[in-house]
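Every number in this text was worked out from the coordinates using simple rules, so none of it is lab data. Predicted model only: the values in this text are computed from it and were never measured. Cβ: placed from backbone, ideal geometry, glycine included. Neighbour counts: every protein chain shown.
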Amino acid sequence: MKEQQKKLIQLTVNGEVLSLQVEAHWILSKVLRNDCGHTGTKEACGEGACGSCTVLIDGVAVPACMVLAVEQQGKNIETIEGLSTNGKLHPIQEAWLEEYGAQCGFCSPGMIMTTKYLLSKTPDPTDDEIKEALGGNLCICSNYEHIINAVRSAAKKMRKEQANV
Ligand code: FES
Ligand code: FES
């Protein structure tokens, strides 16, 4: 099969500026996993229906299987690998552990990135707001009760952190 012509793009992934050669049809989730080594971004449906591939693009939660890598020139991408700092877990990750937000854990990276987006806009969400925000993220283990508890706990931790700044 003839190799497609590649295009050079530059984007920032978890604070690191990367130059990548990508083909026009390559989707972002595959590039993050195959070319950037960020396999924390999971892939399941590949068609925007499960949320397991959710990353933040310029601060907004987006299913990475639904966008082309070539369109990310100059964008700032954040994946689950970018959340902890100096080995310290992000409060959302801590909350996930404490509240048993993961059973098999496959949905967790996408759920956590969506939660980060939710809490950036709504620091003290109601249960209905949490459910609505996570509506596009599916958990095949049906761990939703724990996940909602984890989001509530993460919100509390982050508000507390903010108050102490
Ligand atoms: S793999 Fe992207 S939404 Fe399901
Ligand atoms: S914990 Fe298994 S898919 Fe959600």
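Assorted remarks:
- Any hit, the stretch 116-133, residues being closer than 19 Å to Thr39 by Cα and not acidic (Asp, Glu): yes
- Residue in the stretch 24-47 that is farthest from ligand 2 (Cβ to nearest atom), counting only those that are touching a residue at least 40 places away in the same chain (Cβ under 8 Å) and farther than 15 Å from Glu81 by Cα: Ala24
- Residue within the stretch 51-65 that is of a type in the set (Ser, Thr, Tyr), within 16 Å of ligand 2 (Cβ to nearest atom) and either in a helix (DSSP H, G or I) or surrounded by fewer than 21 Cβ atoms within 10 Å (Cβ to Cβ) (or both) present: no
- Flag: Glu47 matches the condition of being of a type in the set (Asp, Glu), in a loop (DSSP other than H, G, I, E, B) and over 12 Å from the mean Cα position of the chain (by Cα).
- Some residue of the stretch 72-79 being of a type outside the set (Gly, Ala, Ser), buried (at least 20 other Cβ atoms within 10 Å of the Cβ) and either over 17 Å from the mean Cα position of the chain (by Cα) or in a loop (DSSP other than H, G, I, E, B) (or both): yes
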